[in-house]
1. Filter region B:142-160 for residues that are of a type in the set (Gly, Ala, Ser) and part of a helix (DSSP H, G or I) and give the result.
2. Within region B:254-280, take every residue that is within 21 Å of A:Leu125 (Cβ to Cβ) and aromatic (Phe, Trp, Tyr) and give me the one that is surrounded by the most Cβ atoms within 10 Å (Cβ to Cβ).
3. Kindly indicate the residue of region B:135-152 that is within 13 Å of B:Pro84 (Cα to Cα) and hydrophobic (A, V, I, L, M, F, W, C) and also modelled with the lowest pLDDT among those meeting that condition.
4. Among the listed residues A:Leu22, A:Leu32, A:Leu28, A:Leu40, which satisfies the condition of being touching a Pro at 6+ places or on another chain (Cβ under 7 Å) and buried (at least 19 other Cβ atoms within 10 Å of the Cβ)?
5. Could you identify the single residue in A:Ala162, A:Ala167 that is touching a helix residue (DSSP H, G or I) at 6+ places or on another chain (Cβ under 7 Å), of a type in the set (Gly, Ala, Ser), part of a helix (DSSP H, G or I) and crowded, with 21+ Cβ neighbours inside 10 Å?
6. Do you know which residues across region B:228-252 are within 30 Å of B:Tyr126 (Cα to Cα) and of a type outside the set (A, V, I, L, M, F, W, C)?
7. Looking at region B:103-134, which of its residues are of a type in the set (A, V, I, L, M, F, W, C) and more than 7 Å from chain A (Cβ to nearest Cβ)?
Amino acid sequence: MTVLDILLSGQLLFAALVTGSLYALIALGLNLVYGTMRMLNVAHGDVVMLGAYGAYWGFTLLDIPPLLAAPVVAGLGGLLGWALYRGIFQRMLSGGSGAGNNRLESNSLLLFFGLSIILQNATALVFTPNNRAYNYLDTVYHFGGVAMTGNRLAALLVAGTACIAVAVFLSRSVFGLATRAVIERREAAHIVGVDVDYVQRLSFILGFGSAALAGVLISMLGQFSPFSGFPFTIAGFIVIILGGLGNTMAGLLAALLLGVIETYGVALTSANMRSVLLYGAFVAALLLFPNGLFAGRAKSR
Amino acid sequence: MKDLFPNRWWTLLWACCLLALAVLPFVANAYVVGIGLTVLMWIALTQSWCVLSKMTGYVSLGHVVFYGIGAYLVVVTWQEVPLPLAIVGAGLLAALVAALVGLPVLRVRGPYFVILTFGLAELVKYTITWIESASGMASRILFGAPDLPVIYFSMFALALLSVAMLTWVSSSRFGHGLRSLRENEEAAETLGVPVVRYKLIAFVLGAAIPGMVGAIMALRSTYFVVGQVFDPMISVTVIAMAILGGGDNARGPLLGVIFLSLLSELLWVNAPLLYLVILGAILMVFVLVVPNGLLGLFERKPVPVVERPPTDSAA
């Protein structure tokens, strides 16, 4: 295949679309927690990994189809988010220093990092560090010369639907309005009567739940291990750096862009380049936007 | 010096540690000397990390990158360049890398700096992995590395150097400048602290020592795997040690090293997963409950202030 063949193949476009939609879903949850609390959840990808394990055990031990298990696993993810919020972060956020303080942000990052290490290694202790995979919906369909497996189609549909559902919820519901108010100006939202604590709690639940859902979808597509969560965190960060805060459409586009960069980059070089590409894009994005995400809004903090 | 030796008990503690580490290679077997070497390595890494990260609050999760670069230089130039030159070169190369990436990287603030340093270290790791596999090198073995005592005392010198450096920085005008930018960078800049230059100098100073440490540890393991010398868990252990110890002088991090070295020695090789779970838990507990570290616990009760000339306490 020549380079042009590679670039024009519908197969790659489809692969990029699937990857992009999963990244969009992952970034959505990350964005919600970051937006409302200014905390970078580096353990987000590990929740994705836990979701993958949930689907895997449900399928291999109990014969539950992953697509049916998905709501349950997402609910469990949300429960984990709720527990962590009540146990650790609620107290931190209501402390005197308030969100938006650099020291608090660095500290919360170290907390999440500790959590990430615990989740990865505890999972490896309990379930062994081996790679896992299972076969599900692997019938191949052909659409206009592009071969698509059922599981990839399902992942694309579910991730796309979930993204749109969350986006509509955030733009139409009262909770969505409150969330956007907290994202814009936390203090002002509090003054006009928004229940900031409630918004934060629900953001945690929604964020963790959507991560677990993404994990279920990812488990259907290929191998995963206790340590495969972190790259998803990085991918999510790239998307929210490029896409913007609370801007769902731009986030979606950024996720698709990252999916394209990764899929085409790997196709043009080698599979070994995936991590280099991912971390390269991450470093480049952060260096281009050194004030972190959305420098324009930083003044309001 | 008062930072390191606030009273005679601390002086006694450090004197005992110093003496024990200095005579260790003459009295103990190779296994115990190996443990001593690991302790010295953690001292050098943690103290050098503190120069930027404890003093300015710019928490770097990428300290291992300098260690890895140093190790890689020694491995690549093995038997082509005299060893002492390669080790010094490793320190210089690490410092040079820090100087080159320092300006753009240090513009990034708070949590973004933390996660950026992690990403940068991983990027270097994967790039070198890719280069090595492209050139057909899965791993390398070093033949004819120096004996353990030589390695041990080189590391001993580096550990002393790192403690001396942090002690100097912590009490110098430069160090006070760094502390001021930790408290409020804008205010410090307004008051005339050259924040950009200070941050960069601290970053470069803190990079040279891990470069040389990595070079020496490559001689110790003699077997080189990219993923091992760029293991992000080295950075995490350094942070855990510094946070566990607490304080922004040389004393706290030394305490952290003493407490965690034992744990890492016992568990890292035999039960790495369990070790990392414990490390993560320590990180969370200390950030959340004991943000001032062990030093803060020991010195929590305010000593009654008695008005008298300061010469009395300079034991």
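The values are calculated or read from the model by the stated rules, or taken from the named source; none is laboratory data. Quick caveat, the model's predicted, so the values are computed rather than measured. Cβ placement follows ideal geometry from the backbone for every residue including glycine, while neighbour counts extend to all protein chains displayed.
1. Scanning region B:142-160 gives B:Ser154, B:Ala157, B:Ala159.
2. So the residue we want is B:Tyr275.
3. That would be B:Ala145.
4. Values: A:Leu22 fails: touching a Pro at 6+ places or on another chain (Cβ under 7 Å); A:Leu32 fails: touching a Pro at 6+ places or on another chain (Cβ under 7 Å); A:Leu28 fails: touching a Pro at 6+ places or on another chain (Cβ under 7 Å).
Just one listed residue meets the conditions, A:Leu40.
5. On the way: A:Ala167 fails: crowded, with 21+ Cβ neighbours inside 10 Å.
Just a single option satisfies the conditions, and that option is A:Ala162.
6. B:Gln228, B:Asp231, B:Pro232, B:Ser235, B:Thr237
7. Matches in region B:103-134: B:Leu103, B:Val105, B:Leu106, B:Phe113, B:Phe118, B:Ala121, B:Val124, B:Ile128, B:Ile131, B:Ala134.
To keep it simple, each residue is scored yes or no on (1) of a type in the set (A, V, I, L, M); (2) surrounded by fewer than 20 Cβ atoms within 10 Å (Cβ to Cβ); (3) in contact (Cβ under 8 Å) with a residue 24 or more places away in the chain; (4) not in a helix (DSSP H, G or I).
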| site | (1), (2), (3), (4) |
| --- | --- |
| B:Phe118 | no, no, yes, no |
| B:Met137 | yes, yes, no, yes |
| B:Ser162 | no, no, yes, no |
| B:Arg182 | no, yes, yes, no |
